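Worksheet for the structure shown next.
The values are calculated or read from the model by the stated rules, or taken from the named source; none is laboratory data. Since we're looking at a predicted model, the values are computed, not measured. Because the Cβ atoms are built from the backbone with ideal geometry, glycine has one as well, and the counts that use them run over all protein chains shown. Please note that ligands, DNA and RNA were not included when accessible areas were found on the heavy atoms of the full protein model with its side chains. Shrake-Rupley method; radii C 1.70, N 1.55, O 1.52, S 1.80 Å.
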Amino acid sequence: MQEQEMIAQLLQKDERGMEALLLHYGPLMRYIIAPILPDPQDREECLSEVSMRVWSRVAQFDPARGSWTAWLTAITRNTARNYQRSAQHRPGTQAIPEGTPAPDASPEEAILQAERSAAVHAALGRLSPGDRALFYRKYYYLQSTAQIASELGMTVRAVEGRLYRLKKQLRRMLGGEGHV
């Protein structure tokens, strides 16, 4: 089934679109979820949650803003990270001591964070596509160094060295600040 046909079926709330999504993109979604959620049961629950988000938000996909795969991987990653954060707040986790400040950032901190994020994004845009992909695999998709090395046909030490040089290069680009 073609991507456009699958998207059309999802827009029409046709269950065949969901079947096609899981058949064709399920492995990619699992690949993104795996490094973020180590527990197999959490992974499957997260995959279900991703599927439901795609089902309910498919109308928000805009091909002018990016590819279907980019949109889907962003939803998958964000859902997995949200699932990971919510798992930390489930019963059985440590209680937060009373008097601990709230994690919400002040308006000033939020502006500074947005500026830092924009600076990092611009610096990443100046990297070569291969270096940018390596950076995203490690720090965005949270893949292990061993997994990256295996999939790229490199040694773990070579990947570690390249990541070290990348971080050093990004620090230079960002003026030596502690962004990376």
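Each residue of the range 57-63 was assigned a 3J(HN,Hα) from its phi angle through the Karplus expression (A = 6.51, B = -1.76, C = 1.60, θ = phi - 60°), giving 10, 4, 5, 7, 5, 10, x Hz with x at Gly and Pro. In the list [x] 1.03; [y] 1.12; [z] 1.01, the label attached to Rg/Rh (Cα atoms, Kirkwood Rh) as derived from the coordinates here is [z]. Phi-derived couplings, Karplus 6.51 cos²θ - 1.76 cosθ + 1.60 at θ = phi - 60°, listed residue by residue for the range 68-80: 4, 4, 5, 4, 5, 5, 5, 4, 4, 4, 5, 5, 5 Hz, with x used for Gly and Pro. For the Cα atoms of the chain, what angle does the longest principal axis make with the long axis of helix 107-125, in degrees from 0 to 90, nearest 10? On a 0 to 90 degree scale, this one is about 80. Placing pseudo-labels 7 Å out from each Cα toward the beta carbon at Thr155 and His121 gives an inter-label distance of 3.8 nm. Using a probe radius of 1.4 angstrom, the carbon and sulfur fraction of the accessible surface of the chain is 54%.
Compared with the direct C-alpha span, the chain from Glu15 to Arg165 gains 49.3 nm at full extension, assuming 0.36 nm per residue. Of the three principal axes defined by the Cα atoms of the range 1-69, the extents in descending order read 33, 25, 20 Å. The residues of the chain expose, per residue, 64 Å² of accessible area to a 1.4 Å probe.
Is the range 115-180 best put as rounded, prolate or oblate by its Cα gyration tensor, with a ≥ b ≥ c the root eigenvalues, rounded for a/c under 1.5, and otherwise prolate when a/b is larger than b/c, oblate when not? Intermediate results must be reported in sequence, preceding the final value.
Working: a/c = 2.24, a/b = 1.92, b/c = 1.17.
Since a/c reaches 1.5 and a/b is larger than b/c, the shape of the range 115-180 is classed as prolate.
Summarising the label geometry, the points placed 7 Å from Cα in the beta-carbon direction at Gln41 and Trp68 lie 3.4 nm from one another.
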